[in-house]
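Any read-out appearing in this document is the output of simple, stated calculations on the displayed coordinates, not a laboratory observation. The structure presented is a predicted model; accordingly, all values stated were derived computationally and were not measured. Note: ideal-geometry Cβ built from the backbone for every residue, glycine included; neighbour counts use all protein chains shown.
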């Protein structure tokens with residue numbers, strides 16, 4: 001999901017009325033009457049609090065992933081300058097390379 005998509009979701013969530021949302025009494029003659037299952041009503045009712053919380057978590061995880069990538073890049077360059085291309089560095093690159101890619105993936109593929 002791109003940052004623009006997340007920003008659009010955040011904008012819609014911020015514009016919505018405050019929660020918690022509740023289900024009014026159903027009246028089949030009311031033009032706004034809709035039939036849905038109780039689990040659907042529960043999902044919709046909690047969306048007002050759940051969506052902003054999920055957006056906050058995505059933001060937190062992306063920031064954490066970026067920090068991991070930055071730390072890896074700093075350590076990698078610093079270690080290489082001190083020791084040259086040694087066996088330990090190559091082994092660490094193999095181990096950390098997968099973690100770095102996972103962090104990049106979690107950050108939305110952005111450096």
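Structural remarks
- Measuring r between the beta carbons of residue 59 and residue 37 and using R0 = 41 Å, the FRET efficiency lands at 0.80.
- For the peptides 10-19, 64-73, 49-58, the ranking by mean Cβ contacts within 10 Å, running from highest to lowest, is 64-73, 49-58, 10-19.
- Simple spin-label estimate for residue 2 and residue 22 in nanometres, 7 Å along Cα-Cβ: 4.1
- Theoretical FRET efficiency, 1/(1+(r/R0)^6), r = Cβ-Cβ of residue 106 and residue 46, R0 25 Å, to 0.05: 0.50
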